[in-house]
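As structure tokens, the structure follows; a few thoughts come after it.
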Amino acid sequence: MIQFTNVFKSYENGTDALRGISFGVEEGEFVFLVGPSGSGKSTIMKLITGEIRPSQGAVMVNNFDIGKIKHRHLPKLRRTLGTIFQDFRLIDKKTVYDNIALAARVIGKSNKEISRQVPEKLALVGLSGYEHMYPGELSGGEQQRVSIARALVNNPKIIIADEPTGNIDPVRSLEIMTLLEQINQEGTTVLVVTHEKSLVDRMRKRVVAIDDGIIIRDSIGEYMPPEPDPEPEPAVETPLPRSDELPAVTGQEPAADIPSEPETTDDPIEDALNSDEPIRPIEPNIDAVKEFVQAMLDSMLTDTADISTLAGTADQSGVVFPPVEETAPESLAAAEPAEITDPPRDYDAEPRERTDSEVPAESIEPGTNAEIAAEAPTRDLDSALKPEDTEPTAKEDIDDGQIGE
Ligand code: ADP
């Protein structure tokens, strides 16, 4: 599905972002791409989406050769990918329904198909009934779910997620990761860039770690596996003394160590522990046990019985009942969970009118709804999705990067 073979990427300013990277992602895999800031993760993601091209080496994504793909075939490549971003990239002035529908409309799906697909994907991400809401009315976790539904609407082969939990609290982050895992289990390949060590450790997936433009680890399990134990120090052999170093034999053997009598104390248990005698279990005093049980039964059968009278008494084996805590009724009341009341949501209401404000230019990214919505009326999709640093050349018009679908 994704294959990087000895890939180098140098930017125009001379920065070597990738310095000979090789790795592959097979169909159905769930892979974390981790590494410190500036290590080259975004460069890898941009290569996968065709925003940039490798300086050397080969990048194959769903049978498209990113080094050779024609500019006009980029939308075809991107239709095989569902992209999720840290900042969700939803259009604020559009409803949840329209945000998702737009991604399906640009690839020519019919309104009938869209009206079937959108609720289906919303149900998958646990947001059934949110169609008429606006992104601003949702929590961060909910907005990310909408963006996952949008990424899924065209049934991509691969979901690529760039720090998908970066703007979400830890509990919702785990929910998002679990949702991605569920999507993966249903057959979609998932590649997630993240810094979230605790989440990565918890998920137990394949982790590809990159640092300074090279892959430093590719293993299953933890973000940073524990270092292997250092080699044990070799045992230093003590040489046997030579015969002339042995003490002279005088005929008189040194006195053998005679074990002295253990000192006794006033405490018989201490003495038993100090002695060499094996410790035998103490025979239970059956009569005392019976008496104790009877006393308990008696106290339970009387009106005035109170279990707290047993507090502080010891049973035959020495176990002392802990004192029974008296709990004031008020503190019990205080411990009652507060009733949680969600503000009522009117999902059937008509969408509210929004001012037709412009989408901020900085939020417009290639391949997202914002970019499509902002640009589609004025230019065609191909130019809307044109790679950042690659001008179409005569060579591109000859080469066709697509090897076949
Ligand atoms: P990460 O996503 O791991 O933070 P990046 O792939 O964004 O890393 O960056 C890798 C290196 O490439 C960094 O040194 C960064 O400064 C540099 N870099 C990224 N994008 C560009 C660019 N468009 N022009 C020049 N240098 C860049």
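Values quoted throughout were computed directly from the atomic coordinates according to the rules given, and no laboratory measurement underlies them. Bear in mind the structure is a predicted one, so any value in this text is a computation, not a measurement. No Cβ is skipped: glycine too gets one built from the backbone with ideal geometry, and neighbour counts run over all protein chains shown.
Could you list, in sequence order, all residues of segment 187-222 that are within 15 Å of the chain's Cα centre (by Cα) and of a type in the set (Val, Ile, Thr)?
If the condition is that a residue be within 15 Å of the chain's Cα centre (by Cα) and of a type in the set (Val, Ile, Thr), then 190, 192, 193, 194, 200, 207, 208, 220 are the ones that fit.
Within segment 138-146, is even one residue of a type in the set (Gly, Ala, Ser), in a helix (DSSP H, G or I) and farther than 24 Å from residue 62 by Cβ? The answer is yes; a qualifying residue exists.
So how many residues does segment 95-116 have that are assigned to a loop (DSSP other than H, G, I, E, B) and of a type in the set (Lys, Arg)? Give the steps one after another, and end with the answer.
From segment 95-116, those assigned to a loop (DSSP other than H, G, I, E, B) are 95, 106-110; that's our starting set.
Narrowing further to those that are of a type in the set (Lys, Arg): 109.
Looking only at that region, the number is 1.
Evaluate the following for residue 117: is it under 25 Å from residue 163 (Cβ atoms) and either away from the ligand (no atom under 16 Å from the Cβ) or not charged (D, E, K, R) (or both)? Judged against the criteria, residue 117 is not a match.
Go through 86, 144 for me and flag whichever is within 16 Å of the ligand (Cβ to nearest atom), within 20 Å of residue 183 (Cβ to Cβ) and within 26 Å of the chain's Cα centre (by Cα).
On the way: 144 fails: within 16 Å of the ligand (Cβ to nearest atom).
One residue alone meets the criteria, 86.
Scanning segment 6-15 for residues that are surrounded by 15 or more Cβ atoms within 10 Å (Cβ to Cβ), over 16 Å from residue 45 (Cβ atoms) and out of contact with any Asp or Glu (no Cβ under 6 Å at 6 or more places or on another chain) yields one hit, 8. Filtering segment 92-126 to residues that are under 26 Å from residue 175 (Cα atoms), without any contact (Cβ under 8 Å) to a residue 24 or more places away in the chain and of a type in the set (Asp, Glu) leaves 98, 120.
For the criterion of being more than 21 Å from the chain's Cα centre (by Cα), in a loop (DSSP other than H, G, I, E, B) and farther than 26 Å from residue 31 by Cβ, residue 92 passes. Residue pairs whose Cβ atoms lie under 7 Å apart, sitting 6 or more positions apart in sequence or on different chains, and linking a residue in segment 174-197 that is touching a residue at least 24 places away in the same chain (Cβ under 8 Å) and more than 16 Å from residue 122 (Cα to Cα) to a partner that is among the polar types (S, T, N, Q) and within 16 Å of the ligand (Cβ to nearest atom), are 177/165; 194/165; 196/165. The requirement of being among the β-branched types (Val, Ile, Thr), in contact with a helix residue (DSSP H, G or I) (Cβ under 6 Å, 6 or more places away or on another chain) and either buried (at least 22 other Cβ atoms within 10 Å of the Cβ) or under 26 Å from residue 202 (Cα atoms) (or both) is not satisfied by residue 34.
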